[in-house]
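Engineer: Pasting in a structure now, in structure tokens, and then I'll have a few things to ask.
The values are calculated or read from the model by the stated rules, or taken from the named source; none is laboratory data. A quick note: this is a predicted structure, and the numbers were derived from the prediction, not measured. Because the Cβ atoms are built from the backbone with ideal geometry, glycine has one as well, and the counts that use them run over all protein chains shown. All accessible areas refer to the heavy atoms of the entire protein, side chains included, with ligands and DNA or RNA removed. Shrake-Rupley method; radii C 1.70, N 1.55, O 1.52, S 1.80 Å.
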Amino acid sequence: GKTTVALHRVAYLVYLHRKDFHPEHFLILSSGGFFLNYISGILPDLGVENVPQGTFEGICEEHLGETLTVEDPLKWLYEGNSARRAAFEKDAAYKSDIAILSDIDAYIESRYTRHQLGELRSDSRRAKPRVSDVYRDFLQAQGRTLEGWQYEDLVPMLYMSQKIFATANRYIRHIIIDEAQDFSAVQLKVLRLYYQTATFTVLGDLAQGIYPWRGVREWGRINLDAFGGAAKQMYLQKGYRTTVEIVEAANRVLERLAALPDGSQLPLGKAVLRRGEAVREIAMSDGSSQEGICREFLAHTTAQSHKNA
């Protein structure tokens, strides 16, 4: 539902400000293939064509001018509670914290004088350092090593590029961020610094966060860190396409999440109109039984001709 709301907002803004806003002034950032395909199919139906769409990784590669092979962050979830995962999470948490921006500021100040930065920005004939090389040196100065590119390395590198070369995008005027619960506060702040003239619509569900080492834990904190407290927060709690039974089951999960040591109370959902089958809870003993249940479910949904099966 959040994605649908976001796309209708694009159509509304294009219509309301049609003399000043054009579809190419928007940017939709999403988590990847499935959502981008969905968005590509919906926007033309709303009468909006040619809206730029992309992922954060793609945005960074474009503006850094470097192709970086980033490891799939989900691989660390498969590690379980291993020592390797613990070390990764500690490193990723540092790179996803607002404090890293102050560390980068201090490092750049120690490495370049104002005159040198001015020459890098203004002299097109001057050889420019690769941001990835400067970033490696920065990590080494912090007593850290870089064994492979992680998603969390992209944000500080984009910030570093902006600080060294004063790069900015003033063409994009409004950015829609979907699945924002998996964005860090520093990620949103750096996007605001880079897209200096843009406003933002940010949509996410804290209960759907995937990565425990980064992402949003509380929207109020994000509002302060990334938007200086100026963002208007709204909660979309009513669901018109989900059954009452599913919403009630989801609310029970939210209540259990709130009872965890680091849990927080999230707004509960409110179902409207639809009734359906009772939600079944199935206990699985191992991976093989889980695979069997998934296959059975997919076969059932396929037989019913559900589009997203």
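Engineer: So, with +1 on the Cβ of K and R and -1 on the Cβ of D and E, and no other charges, what is the size of the charge dipole of the stretch 187-284 about its Cα centre, to the nearest 20 debye? Provide the component values of the computation, followed by the final result.
Structural biologist: Numbers: 14 positive and 9 negative charges, 59 e Å.
Roughly 280 debye, rounded to the nearest 20.
Engineer: ³J(HN,Hα) across the stretch 144-159 via Karplus (A = 6.51, B = -1.76, C = 1.60, θ = phi - 60°), whole Hz, x for Gly/Pro?
Structural biologist: My calculation for the stretch 144-159 gives 10, 10, 10, 8, x, 6, 10, 3, 5, 6, 5, 4, x, 5, 4, 5 Hz in order.
Engineer: At a Förster distance of 41 Å, what's the computed FRET efficiency of Glu248 paired with Tyr12, Cβ-Cβ distance as r, to 0.05? Mind dumping the intermediate values first?
Structural biologist: On the way: r = 32 Å, r/R0 = 0.78.
The pair Glu248/Tyr12 has a calculated efficiency of 0.80.
Engineer: Can you list residues from other chains, or at least 5 along the same chain, whose modelled amide H is less than 5 Å from the amide H of Phe200?
Structural biologist: Distant-sequence amide H within range of Phe200: Ile175.
Engineer: What's the angle, to the nearest 10 degrees (0 to 90), between helix 99-111's Cα axis and the longest principal axis of the chain?
Structural biologist: That helix lies at roughly 20 degrees to the long axis.
Engineer: How about Lys2: which lysines have a C-alpha closer than 23 Å to its C-alpha, ignoring those fewer than 8 places off in the same chain?
Structural biologist: Lys189, Lys232, Lys238, Lys270, Lys307
Engineer: Say the dipole of the stretch 1-78 comes from +1 at the beta carbon of Lys and Arg and -1 at that of Asp and Glu; which of Ala11, Ile39, Thr67 then lies farthest toward its positive end?
Structural biologist: My answer, from the dipole projection, is Ala11.
Engineer: At 0.36 nm per residue, minus the direct Cα-Cα distance, what do Glu277 and Ala230 gain on full extension? Give it in nm, one decimal, please.
Structural biologist: Details: separation 47, 0.36 × 47 = 16.92 nm, distance 4.26 nm.
Roughly 12.7 nm would be gained on extension.
Engineer: Okay, next question. Quick check: pseudo-label points 7 Å beyond the Cα along Cα→Cβ at Arg111 and Phe297, how many nm apart are they?
Structural biologist: Between Arg111 and Phe297, the simple spin-label model gives 4.6 nm.
Engineer: Within 11 Å, Cβ to Cβ, of Ala141, how many net charges do the neighbouring residues add up to if Lys/Arg are +1 and Asp/Glu are -1? List each step's numbers first, then the result.
Structural biologist: Numbers: positive: Arg111, Arg136, Arg144; negative: Asp103, Asp137.
Combined, the nearby Lys, Arg, Asp and Glu give +1.
Engineer: Give the carbon-plus-sulfur fraction of the accessible surface of the chain in %, rounded to a whole number; probe 1.4 Å, heavy atoms of protein chains only. It would help to have the intermediate numbers written out before the result.
Structural biologist: Details: 9370 of 18340 Å².
Ligands and nucleic acids excluded, carbon and sulfur reach 51 percent.
Engineer: Still on this model: In Å², what does the accessible area per residue of the chain work out to with a 1.4 Å probe?
Structural biologist: Values: 18340 Å² over 309 residues.
Value for the chain: 59 Å² per residue.
Engineer: Give the ranking of Thr199, Thr145 by solvent-accessible surface, highest area first, calculated with a 1.4 Å probe.
Structural biologist: On the way: Thr199 75, Thr145 105 Å².
Reading off the accessible areas and sorting them downward yields Thr145, Thr199.
Engineer: Around Gln53, which amide H atoms from residues at least 5 apart in sequence, or from another chain, sit under 5 Å from its own amide H, with H modelled in the peptide plane?
Structural biologist: Long-range HN contacts for Gln53: Ile28.
Engineer: If you take every residue apart from Gln208 with its C-beta less than 9 Å away from the C-beta of Gln208, what net charge results, scoring Lys and Arg +1 and Asp and Glu -1? Write out the running numbers ahead of the final one.
Structural biologist: On the way: positive: none; negative: Glu179, Asp182, Asp205.
Around Gln208, the charge tally is -3.
Engineer: Under 16 Å from a point 7 Å along the Cα-to-Cβ line of Gln140: which residues of the stretch 52-73 have their amide N that close?
Structural biologist: Answer for the stretch 52-73: none.
Engineer: Tell me which label goes with the value of P(r) over Cα pairs in 20 Å bins from 0, in percent computed from the coordinates here: (i) 26, 56, 17, 1; (ii) 29, 52, 19, 0; (iii) 33, 54, 13, 1.
Structural biologist: Answer by label: (i).
Engineer: Quick one: 3J(HN,Hα) in Hz for the stretch 219-234, Karplus 6.51/-1.76/1.60 with θ = phi - 60°, rounded, Gly and Pro as x.
Structural biologist: The phi angles translate into 5, x, 5, 4, 4, 5, 5, 9, 10, x, x, 8, 6, 8, 9, 9 Hz.
Engineer: Between Asp103 and Glu49, what is the FRET efficiency for a Förster distance of 41 Å, r being their Cβ-Cβ separation, to the nearest 0.05? Please list the in-between numbers first.
Structural biologist: Values: r = 43 Å, r/R0 = 1.05.
E(calc), rounded to 0.05, equals 0.45.
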